[in-house]
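Let me begin by presenting the structure, written as structure tokens, before commenting on it.
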4 protein chains.
Amino acid sequence: MYKHTYKDETVAKGDTYKHIIDSALALVAEFGLEKASLSMIANKAGISKPAIYYYFSSKEALLDHLFNLLFDDYQFDHYFPLETYTKDNFSSLLTDNGLHLLQEYDENPELLKIINHFIVYAGQKQAYDEKLKHTLTEFLDGFRRLLIHGQKLGVIKEGEDLTAKSQLLGLVLDNISSYLLMGIKVESTAVWTQAVSYVMGDD
Amino acid sequence: MYKHTYKDETVAKGDTYKHIIDSALALVAEFGLEKASLSMIANKAGISKPAIYYYFSSKEALLDHLFNLLFDDYQFDHYFPLETYTKDNFSSLLTDNGLHLLQEYDENPELLKIINHFIVYAGQKQAYDEKLKHTLTEFLDGFRRLLIHGQKLGVIKEGEDLTAKSQLLGLVLDNISSYLLMGIKVESTAVWTQAVSYVMGDD
Amino acid sequence: MYKHTYKDETVAKGDTYKHIIDSALALVAEFGLEKASLSMIANKAGISKPAIYYYFSSKEALLDHLFNLLFDDYQFDHYFPLETYTKDNFSSLLTDNGLHLLQEYDENPELLKIINHFIVYAGQKQAYDEKLKHTLTEFLDGFRRLLIHGQKLGVIKEGEDLTAKSQLLGLVLDNISSYLLMGIKVESTAVWTQAVSYVMGDD
Amino acid sequence: MYKHTYKDETVAKGDTYKHIIDSALALVAEFGLEKASLSMIANKAGISKPAIYYYFSSKEALLDHLFNLLFDDYQFDHYFPLETYTKDNFSSLLTDNGLHLLQEYDENPELLKIINHFIVYAGQKQAYDEKLKHTLTEFLDGFRRLLIHGQKLGVIKEGEDLTAKSQLLGLVLDNISSYLLMGIKVESTAVWTQAVSYVMGDD
DNA sequence: CATGAATGAGCTTTCATTCAT
DNA sequence: TATGAATGAAAGCTCATTCAT
């Protein structure tokens, strides 16, 4: 699961709105979706409980908003901009982009926590489930498109099982951040570098 | 996260006890740790709420029991018995053992769900966090020991970064099951096969 | 144990607040601190149970409030204002003030009941215990100060054991009200009058 | 409230029975009548909860038994044996007997605590209330009979208000133990000595 | 005699939600 | 826009009690 730093676009809606969202994010990260109660959120936002209902019709609506905030602008291209990849920089850029993504999450452990809460919750809410599935699938697909691009550039051999290789990349990258989140020591740089070099056919 | 089929040893304790545990497992899988209430569990078990307290001193104690049930006998050796690996079967056994693990979880999607709930909950309960960390670390370490064994057998080249390679194996295997759980289509066999062949230095 | 008529100062807080306190006082008097449940209190106050939590953070907080209500403004001077005592009125004023106190409690048997419940409960809650001890000690001390004042006025002989005499006064007065509360017939006026005349050295 | 050391006569009923009563007494002293639950009692007695029902038909029955145990053999004569009082020893014996009673309670603070719990509970249970009233009244009456005896012996003047004096004695003695129980420092010896000397007409 | 197993009633507390203002 | 006041529903938990064994 990866996500770049969250930035809410709705500037016009005023401070209270943002306070609610920020408080909600912080509390969900700390206590989870259900234990983060509206009381706590209102409290942290410095407003009264009913005020939340002015902006969100229900707690569920608020959580939905957070969910979309985190997953909406989540795109493979943001981290691995296909158009910047050339024959010469392919391997090193792939490595760098991946490491950069890992670093971003390392710096925002809260985000990963929230996302994890949503992932588990997705088991109970179909709408989340579908969006989540779609998002992750898209990301895996991004790696596939990238590898195909690499083939066209001639840096990746023809005839390889690109699907499996791209999925391996996605799975590894995703899980490195999960393990980092849990505080399990993983040599993230080395592992990612190896995964890349393998996919590139280096040895 | 991997786990073989759960089997409770305490046969002597009678039916009610098992009903409680089974109901709890099912409901935790479906609704999560907090939303699976004692009322629901009692209901599903066909008993009254206080009856649960005859067997467990609190809801937390019940959840702890489930947690231990799932994580206690979780061992790398169970899936990858080091002593069975030889020079000749190393590569294929590694592949087969991994696929077998994946298949096991594929057949018990409930277990993975519960485990995921516990993983998220671990963020709030240190005891879980520690055990979880220890368990996952142990599993990664298992792969490392296995690769070292492979080196001794001469099937893996000297001078390789075994730590990174073992971690790659662990991360990939773990995340394949996660993705399967979420219903994301991953070519698990192909990916795992590739990961193994990479680590073995095949190409 | 003595206490003047309870009167809550917080007029501004609205009716519900007062209803809660009044209901709580009545039910604690009748059933005791533990058996007076929030359900009963809410019921008697004509509100829902959670409404109580809007005003008090817990049952304990509510009981604490009652406790303070009863003991806070409990002062010896309120019943025996030292500055009003003169050489001429000393004996009769001491008698009158005591009788007045007894009468007050006679007219508010509920208060004494509640106080008794708190006294017993003090054995389990240190905060109550300390305040209670302090309050009663202060009252005994009040009598001592009063007798010293009497010595200065020349109505009480020098060289007497004022401590013992003052404690006798306090103990008698306190226990008369207890016995009255229990419905045990005590000739309160006669007993108190005798106690006073003894302390004054009359015969 | 005064009470000599409790001693159960029912020896024949076996150990369990006594264990139950002892445990109940100890726990009632510590936690009060309601909070001392049958679970706790059974636990402390080293038996199972239903075992209590073999000896007592209900918790109330058990409490009733304790109540009677404490109040049944409560007699003024036990502490102040009228027949031992003579013209010569009257004053000193009265003093000594009272001090002895106080000392007894001082050495058994548990008993006083339990008795206090019952006194408060008496407000809710008429049967207790009546017995309690009767017991206390009897004690006050005992002092009256003693003073009358003193008059006959010629150590107390004729024409005195013996009722008020006897009540004063009873109230003082009773409340001294209460205050001692609460941990309020009272010069018990001095106060009681004064009370006696007053009643005797000494000065 | 005594217990393991179980229950209904009731407890304090928290929650998302509503509504008049 | 925002809040004070209140609520129904449900949570985890404890208790006195029962009953077959």
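A few remarks follow.
- Phi-derived couplings, Karplus 6.51 cos²θ - 1.76 cosθ + 1.60 at θ = phi - 60°, listed residue by residue for the stretch B:32-37: x, 5, 7, 6, 6, 8 Hz, with x used for Gly and Pro.
- Near B:LEU38, once Lys and Arg are set to +1 and Asp and Glu to -1 for all other residues with Cβ below 12 Å from its Cβ, the sum equals +2.
- Sites A:LYS133 and D:SER57 - FRET efficiency at Förster radius 60 Å, r taken between beta-carbons, to 0.05: 0.40
- Euclidean distance between Cα centres, the stretch A:140-183 to the stretch D:95-169, Å: 93 Å
- If you run the Gaussian network model on chain C, springs between alpha carbon atoms under 10 Å, then out of C:VAL28, C:VAL155, C:VAL186 the most flexible one is C:VAL186.
- Counts of other chain beta carbons within 10 angstrom of each beta carbon in peptide B:108-118 average 1.
- Evaluated over the stretch D:75-183, the count of Lys pairs having alpha-carbon atoms less than 20 Å apart is 10 (only pairs 8 or more residues apart or interchain).
- All aspartates and glutamates inside 14 Å of B:LYS18 as judged from Cα atoms, apart from same-chain residues fewer than 8 positions distant: B:ASP8, B:GLU9
- Comparing D:SER177, D:SER166, D:SER57 in a Gaussian network model of chain D (Cα springs below 10 Å), the most mobile by mean-square fluctuation is D:SER57.
- Normalised by the number of residues in the stretch D:74-199, the average gap of Cα pairs under 8 Å and 6 or more apart makes the relative contact order 33 percent.
- Coordinate range along principal axes, alpha carbons of the stretch C:73-200, Å, largest first: 44, 31, 23
Every read-out reported here was derived from the displayed coordinates using simple, explicitly stated rules and does not represent laboratory data. Note that the structure is predicted; figures quoted are calculated from it, not measured. Neighbour counts are summed over all protein chains in view; Cβ atoms, including those assigned to glycine, are modelled from backbone coordinates with ideal geometry.
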